[in-house]
Each structure stands twice: as C-alpha cells, then as structure tokens.
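Report on the structure given below.
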Number of protein chains: 2
Amino acid sequence: MSTDVVSGEPSRLRADARRNRERILRTAMRHFSLHGINASLEEIAREAEVGAGTLYRHFPSREALLAAALEDQQKELLACAQRAGKLADSGAALGAWLGALQDYLRSFNGLPAPVLAAVKERESPLCLSCNALVSLTDEFLVRAQQDGRARATVTANELFLSALGIAWVLNRAEACGTTRQALEKVLAHGYLAATDEPPAPMMTAPPPGD
Amino acid sequence: MSTDVVSGEPSRLRADARRNRERILRTAMRHFSLHGINASLEEIAREAEVGAGTLYRHFPSREALLAAALEDQQKELLACAQRAGKLADSGAALGAWLGALQDYLRSFNGLPAPVLAAVKERESPLCLSCNALVSLTDEFLVRAQQDGRARATVTANELFLSALGIAWVLNRAEACGTTRQALEKVLAHGYLAATDEPPAPMMTAPPPGD
DNA sequence: AGATAAGTGGAGACAATCTCCGTTTTCTGA
DNA sequence: TCAGAAAACGGAGATTGTCTCCACTTATCT
C-alpha cells in the first residue's frame, strides 16, 4: 500500500519515517523467512534499530506487517498466474495455478493460518489479496470446468480451502513421510477409485478431440 | 496413562495428588472445549485452585494435559472405528472412519496442529494415539483398496494428512462459505473430472457392470 | 505420634505484546 | 536561514503467559 517503489506516489511520510519503515520491512522479511510468521516483533524492532512504538505505528498488527512483507511474493504469484493463464490446456493451467499457490503459501512458515483467517475476517490487511486469490482460483477452475477437465460440482472456495489445508500440512510435515506431489495428487484425484460412483450429474464429457 | 478409572491400578499417587490431578483435568477439559487448545494454563490452574507448579508437575507440557483431556474422545473414536469396521461396504467403512476422525479432531478448537506435530515428533504424549490413528486409517484404506473402492496409489499417511488439513480448515472456517460435507467430497473425489486421465497405472478398470 | 517421603503453591525469572507520552527530528514559510 | 508546528521516535512499563525452584505442608507408614 502507501508507497510503491514504482508508482509515483510522493509518499506523505517524513524522511526518517520512510527510512524506518523500510528498515523494519527488510528486517521483517528476513525474520519471517527464518522463523516463520510468529517471529518476535520485539526482536524485529531491535534488529531494525527502532523502538517498539515505531514498529507498531507503521504496522499496527502482525498481519499488517505480514501483508507488507509479502508484497514481492504476491507479485511473483500474479506473474505465475499470468503465465498459467496462457496455457492452452485448461487442466494444466489449473494445476499450474494451484502449484504456484502452494509456492506462495510456503513463503513463510505458518502462512496458511493468517491467510485462512483473512478469508473470513474482512478487515484483515491480508483480506484484499486473499480475495484476489480466491477469484483467481475461480477463473482457472471455471475454465477447466467448461472444458470438462474439472468436476462441475467443485467450487472455487472449496478448492482454495483444500489447497490451504494441504499447504498447512506441508508447512509442518514435509519430510514426515509425504511429499507435496503426493498430497497434490490426492487433492486432484481424490482417494476413492474413479469407478466408484458418478460424483456429479454432469453433462457427458466431450471426446478428447475438443 | 497412569490411572485409569476402570483399570484396577491402585495408583501410587497420594490422595491429595490424585484429587488435584482430577480437578485440573476436569477444568482443562472445560477450558480446552471453550477456548481451544491454547487456553491459558495459568487460568486453568487458578480455576482448579492449584498452584502453577502443581499443574506442571502433573502435566509437564500442554500436550501432556491435552493428551489426558482427550482420553474420553479417543475412546469414543475407537468405538466408532469398531462400528465402522463392521460395515460390509468397505468404501462406506472408510468414509465412516474419516468422518469419525473429523469429529474427533473437532473436540477442541485447534486440535489438528498438535496432532500433526505429534505425527513427526516421536516423544510427544499425543504420539502414541496419533500413530494408532494412522494405523487405523491404513486398515480401512487397505480394505477399501482390496475391494477396488479406493485408489491403489494413495497411502494411509497421505490420506491421514489430507484429513488433518481439512480438519484444520474446518476448525476455523466453518460458516465461511463451506461445509464439512463439501470438503470431504472434494477429498473423496478430487477436483479433476473423472475422465481426465487414469490417475494410476492400475489394472484395467472394469466396465461399469462390475 | 513421629518420621519421612510426596506433594504443594506461589514468588519470580523470562519472554512477548502493545500503549503512552516526553523528547527529538523533519518540514515549512517568512 | 531559522523559528515554530507537526510528525515521528523510542523505550519504559503495564499486562499476560510460560515454566522453575524450593521452603513449606500433608499424607502415609510404622
């Protein structure tokens, strides 16, 4: 928000304030990467050489700081979405998007929790970007559904939340006997055998030749 | 552990110790139910009218207290497993088990987190029961796989972790646009259309007429 | 009843969050 | 260029929570 490097906004912040904000942000990114989203704010303030009050004035809550610290990764994610959107195969596009989402959710350890919280609490600083994530998921999903590549009864919300759940597990459980690929595959195909029961009263799947 | 009401163990605990343990446990169950697994231990001690030291001697960690407070629910879960095991339809049995698991994981708000942690940390007081949960999942899954009801490439670990992920989401997101049934369905069938691609190099799918 | 081992409780060390307000720094325009 | 006003700073301290330590109390055994 407030001051993008690129956007020409002159930033009404005083020079020292802008400097401090930047220091805090840089330090926060390091600490969140290193120690997860629960990194000590006190510690961040100390290392950025500002008082606690300064940190809290710039970023009134952990989530506000988190949101600011995630800006880069969000841009990266949007770029991935752009690329995925250009894939001809809508099923592959959806897969690519979900993969990118997993990457994003791994930016900081424990990130899925505040993201999930932001989905419901509409006042969260993360809320804006979260809604965007659900919307994007919706776009990819709908396109895949129109091509008969995704089940028609799945909603974007369900899919997004499931992806969040997987990300949460992987955040803590990687190398505990499972891989990201394995869980993504379960999410894609389910655990039931394909022949078990027609899951949706969907229109006859078109033959592979478009 | 230590003293089951039923098992005849005379309990080497002194009378006052046993009394205190019981008070703590009862209070803890209330607080965990009310405020989730992060309920203040200090508060629990105060309300149980014991010193902090007493609480920590009986239950050296939050997880130890949690494990003790969950004994009842675990019994209930095992009973469910018994019942599910008697179902003739192995697919339905697996579904019933996963449902019971969801119920269990909703005993206290936030429970999936320590359960997941316990899966990897082998010293956790919750570890024992967690391993049992994975084993049970395995039994149900294998049976369903033998009947061709579950995909052969899914492992119990993957399925259990996925269920944990869903439980985690539901713990916090129910009424945020999704229901438990919806997420369970996604887990069961996946998000891809059934015709998309044979998910496993499995033996030729039998024609719909069994 | 008296000895002794088991158990108690709460003071206190420590860590983290967040607020408040006296002080310092920047900005502005005369 | 230099006040004066406004903006921002920082850190002390209130608060809450976890966990330990040990002087004291209480149950148990003989």
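The values are calculated or read from the model by the stated rules, or taken from the named source; none is laboratory data. Since the structure is predicted, the reported quantities are computational estimates derived from the model, not experimental observations. All Cβ positions, even for glycine, are placed from backbone atoms using ideal geometry, and neighbour counts span all protein chains on display. In case anyone asks, the SASA skips ligands and DNA or RNA and just uses the protein heavy atoms, side chains included. Shrake-Rupley method; radii C 1.70, N 1.55, O 1.52, S 1.80 Å.
Summary table
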{"quantity": "Residue within segment A:38-51 that is more than 16 Å from DNA strand D (Cβ to nearest atom), open to solvent by less than 70 Å² (accessible area, probe 1.4 Å) and not assigned by TED's automatic domain parsing to the domain that holds A:GLU158 present", "calculated": "yes"}
{"quantity": "Filter pass, A:GLY95 being within 16 Å of the chain's Cα centre (by Cα), of a type in the set (Gly, Ala, Ser) and closer than 22 Å to A:LEU133 by Cβ", "calculated": "yes"}
{"quantity": "Lone unmet requirement of (1) touching a residue at least 24 places away in the same chain (Cβ under 8 Å); (2) within 23 Å of A:LEU141 (Cβ to Cβ) for A:ALA100", "calculated": "(1)"}
{"quantity": "Index of the failed condition, A:VAL6 passing every other in (1) open to solvent by less than 70 Å² (accessible area, probe 1.4 Å); (2) at pLDDT below 95", "calculated": "(1)"}
{"quantity": "Where A:LEU111 falls short, out of the listed (1) within 13 Å of chain B (Cβ to nearest Cβ); (2) open to solvent by less than 10 Å² (accessible area, probe 1.4 Å); (3) at pLDDT 95 or above", "calculated": "(1)"}
{"quantity": "Listing of helices (runs of 4 or more DSSP H) fully contained in segment B:1-108 that carry 3 or more residues being among the acidic types (Asp, Glu), away from DNA strand C (no atom under 14 Å from the Cβ) and away from chain A (no Cβ under 14 Å)", "calculated": "B:71-85"}
{"quantity": "Qualifying residues in segment A:124-140 (those that are open to solvent by 20 Å² or more (accessible area, probe 1.4 Å) and within 14 Å of another protein chain (Cβ to nearest Cβ)) - the one farthest from A:LEU70 (Cα to Cα)", "calculated": "A:ASP138"}
{"quantity": "Which numbered condition A:ALA205 fails, given (1) facing chain B (nearest Cβ under 10 Å); (2) at pLDDT below 85; (3) open to solvent by 50 Å² or more (accessible area, probe 1.4 Å)", "calculated": "(3)"}
{"quantity": "Condition check for A:PHE32: within 16 Å of DNA strand D (Cβ to nearest atom), open to solvent by less than 40 Å² (accessible area, probe 1.4 Å) and not aliphatic (A, V, I, L, M)", "calculated": "no"}
{"quantity": "Residue count for segment A:152-170, restricted to those that are assigned to a loop (DSSP other than H, G, I, E, B) and surrounded by 23 or more Cβ atoms within 10 Å (Cβ to Cβ)", "calculated": "1"}
{"quantity": "Cβ-Cβ under 6 Å pairs, at least 6 apart or on other chains, segment B:113-142 side of a type in the set (Gly, Ala, Ser), far side part of a helix (DSSP H, G or I)", "calculated": "B:ALA118/B:CYS127; B:ALA118/B:CYS130; B:SER124/B:GLU63; B:SER124/B:ALA118; B:SER129/B:GLN74"}
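Yes/no matrix, rows are residues, columns are (1) more than 30 Å from A:ALA150 (Cα to Cα); (2) within 15 Å of DNA strand D (Cβ to nearest atom); (3) surrounded by 14 or more Cβ atoms within 10 Å (Cβ to Cβ):
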{"site": "A:PHE59", "(1), (2), (3)": "yes, yes, yes"}
{"site": "A:GLU63", "(1), (2), (3)": "yes, no, yes"}
{"site": "A:GLN73", "(1), (2), (3)": "no, no, yes"}
{"site": "A:GLN82", "(1), (2), (3)": "no, no, no"}
{"site": "A:GLY85", "(1), (2), (3)": "no, no, yes"}
